[in-house]
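Structure first, commentary second.
The values are calculated or read from the model by the stated rules, or taken from the named source; none is laboratory data. Only a predicted model underlies this, so the values are computations on that prediction, with no experimental measurement involved. Cβ atoms come from the backbone with ideal geometry, glycine included; neighbour counts cover every protein chain shown.
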Amino acid sequence: MQKKIKGLVFVLIAVLVISIVLFKFVSNDTAATVNIEKPKMTATMPMVGNMAASHSFSSGPIDAKVTVVEYFDPECESCAAVAPYIEKEMEYYKGKVRWVFRYMTYHKNSATAVKVLEAARKQNLFLEVQHILFQSQKVWGEKQEPTESEILKVVSQVPKINMAKIKSDMNDPATAEIIAKDATEGAQGGVTGTPTFFVNGMILDQLDLDLLIKKINEGL
């Protein structure tokens with residue numbers, strides 16, 4: 001009888017010890033899960049709720065009531081087609097609206113064009129180079145072979161541009177990071193083609209310039 005009691009006591013003690021060990025294991029595992037840090041965005045490239053980012057070229061007051069973000073591809077025909085209208089609206093809403101340009105490089109030569117744009121940006125010639133790239137898109141775009149030389153030839157027509165510096169700055173590794181970040185955040189934001197516009201963070205689900213103007217006016 002005493003042996004049975006001792007055996008039962010031994011079993012109870014064993015169960016108690018195992019329970020304590022399991023409790024500590026689960027508790028530690030839960031604590032580890034709770035304390036896991038979420039991935040942080042690169043400090044130099046924060047994105048805000050209106051889909052703008054500090055690394056993107058922008059024109060207009062940073063504290064404007066309305067921020068328009070355009071995702072574009074330099075080699076996109078539709079982007080080139082709407083560009084003259086966007087330029088006119090930028091002038092019309094000058095001082096009232098902030099315009100931000102981000103990239104989606106869908107075409108073969110788009111990344112090279114973006115490298116040139118980012119290099120031109122360092123000379124405060126982003127809009128001028130964007131304009132001439134769209135205007136001369138048929139010269140350098142829609143080709144299967146790399147057209148860096150054609151792009152550079154077109155861009156060399158921009159007044160006061162320093163082509164030696166353009167060629168040097170094109171190799172800045174930060175540009176590849178910008179392209180990748182824009183692609184990721186664009187996809188997360190619902191961008192499936194170009195051009196795609198956001199007005200104060202709200203995506204326009206169709207390319208409708210009248211709707212774009214309407215949304216801008218509503219925000220002012």
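For this structure, a couple of remarks:
- Condition met for GLU150 (in the same structural domain as GLU75 (by TED's automatic domain parsing), in a loop (DSSP other than H, G, I, E, B), farther than 27 Å from ILE213 by Cα and of a type in the set (Asp, Glu)): no
- For the stretch 124-158, residues that are without any contact (Cβ under 8 Å) to a residue 40 or more places away in the chain, over 29 Å from ARG98 (Cα atoms) and among the acidic types (Asp, Glu) total 3.
- Per the conditions (1) crowded, with 17+ Cβ neighbours inside 10 Å; (2) within 26 Å of THR184 (Cα to Cα); (3) modelled with pLDDT of 95 or more, the sole criterion not satisfied by THR147 is (3).
- Restricting VAL114, VAL139 to residues that are aliphatic (A, V, I, L, M) and touching a strand residue (DSSP E or B) at 6+ places or on another chain (Cβ under 7 Å) narrows the list to VAL114.
- Residues (buried (at least 18 other Cβ atoms within 10 Å of the Cβ) and not small (Gly, Ala, Ser)) located in the stretch 108-120: ASN109, THR112, VAL114, LYS115, VAL116, LEU117, GLU118
- Criterion violated by VAL155 - all others in (1) within 18 Å of THR67 (Cα to Cα); (2) crowded, with 18+ Cβ neighbours inside 10 Å satisfied: (1)
- Residue in the stretch 46-99 that is surrounded by the most Cβ atoms within 10 Å (Cβ to Cβ), counting only those that are of a type in the set (Val, Ile, Thr) and within 15 Å of THR194 (Cβ to Cβ): VAL68
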